[in-house]
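The values are calculated or read from the model by the stated rules, or taken from the named source; none is laboratory data. The model shown is predicted, which means the values in this text are computed figures rather than measured ones. A quick note on method: Cβ atoms are made from the backbone with ideal geometry, for glycine too, and the neighbour counts reach across all protein chains shown. The protein model used for the area step is the full one, side chains on, heavy atoms only, and it has no ligands, DNA or RNA in it. Shrake-Rupley method; radii C 1.70, N 1.55, O 1.52, S 1.80 Å.
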Amino acid sequence: MHFYRPLGPISALTFDLDDTLYDNRPVIHRTTLEMLAFVKGYHHCMSDFTSADFEHHRQALLRREPDIYHDVTEWRRRTIELAMLQAGLSASQADEGAHRAMDNFAQWRSRIDIPQETHDTLAKLAKRWPLVAITNGNAQPHLCGLDTYFSFVLRAGPDGRAKPFADMYQLAAHKLHLPPEQILHVGDDLTTDVGGAIRCGMQACWINLRDGDLMQIKDSRLLPHLEISRLASLNTLI
């Protein structure tokens with residue numbers, strides 16, 4: 001554990017989910033393959049659909065509607081719907097197909113291998129402080145056994161713009177009835193988690209799981225209050 005800014009009183013902790021509480025890379029890789037297989041098998045018009053096709057439609061939608069970036073679930077659903085429409089499916093077929101594809105996506109997306117260290121650490125911390133999840137992604141904690149630790153979960157889209165925008169950080173403070181400076185946010189991303197939290201007045205803990213080097217950053221706003229290399233280190237704050 002390394003300290004870079006003075007750490008003030010802590011009355012609650014907020015957590016990023018993906019790549020903070022578990023390794024999200026294999027989850028996304030597998031889920032993307034399963035989603036692609038589902039779409040290809042949904043209708044014969046989609047049998048030649050590829051990941052490159054998905055990305056093409058995804059970027060086209062983003063260019064037309066930049067704000068869709070803040071809701072990755074709706075962005076994905078609309079992308080699939082657009083691809084199906086352009087392949088010749090009717091509006092009702094595309095709508096149903098996109099919703100069914102997202103149901104399939106949600107099932108695979110939450111098949112996450114949660115480390116026992118994560119369970120043990122969150123259980124200990126939750127006895128001392130209220131915990132909140134703040135995510136830009138679409139993992140569903142209740143489907144992977146993490147929901148019992150959190151007072152509530154905030155996700156980009158339904159609960160505001162994606163991190164590093166302040167929307168979800170401010171909403172968390174409001175729902176916790178706490179000033180932002182008494183909340184410690186924990187996350188793996190220096191821009192969305194550390195920078196976002198600090199800019200809205202929270203304290204920030206960077207979990208450095210991939211041997212990142214703070215000495216290489218040029219933006220002092222990305223300097224966290226503390227750095228850890230494993231989640232269990234947070235137990236020392238109790």
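Some notes on this structure:
- Rounded to the nearest whole Hz, the Karplus-based 3J(HN,Hα) values (6.51 cos²θ - 1.76 cosθ + 1.60, θ = phi - 60°) of region 28-45 follow the sequence 5, 4, 5, 5, 5, 5, 5, 5, 4, 4, 5, 4, 4, x, 5, 8, 4, 5, with x at glycine and proline.
- For region 135-152, the Karplus equation 6.51 cos²θ - 1.76 cosθ + 1.60, evaluated at θ = phi - 60°, returns couplings of 10, 8, x, 10, 5, 10, x, 6, 8, 10, x, 9, 5, 5, 8, 9, 5, 6 Hz by residue, with Gly and Pro reported as x.
- Per-bin percent of Cα-Cα distances, region 131-218 [5 Å]: 3, 14, 24, 26, 18, 10, 4, 1
- With contributions of -39500 (n - 2.57) from each DSSP H run of at least four residues, the per-residue ellipticity at 222 nm computed over the chain stands at -12500 deg cm²/dmol.
- Rg ratio (alpha-carbon, reference 2.2 N^0.38 Å) - region 53-120: 1.37
- Take 93-99, 180-186 and order them by the average number of nearby Cβ atoms within 10 Å per residue, most first; the result is 180-186, 93-99.
- The convex hull built on the alpha-carbon positions of region 1-137 has an orientation-averaged projected area of 11.0 nm².
- Overall Cα dimensions of the chain, principal axis frame, Å, largest first: 59, 35, 34
- Protection proxy ranking, peptides 12-18, 116-122, average beta carbon neighbours within 10 Å, highest first: 12-18, 116-122
- For peptides 192-201, 169-178, 61-70, 126-135, sequence by mean Cβ density within 10 Å, most packed first: 192-201, 126-135, 169-178, 61-70
- Environment charge at A173 (Cβ cut-off 12 Å; Lys +1, Arg +1, Asp -1, Glu -1): -1
- Solvent-accessible area per residue for region 77-218 (1.4 angstrom probe, square angstrom): 45 Å²
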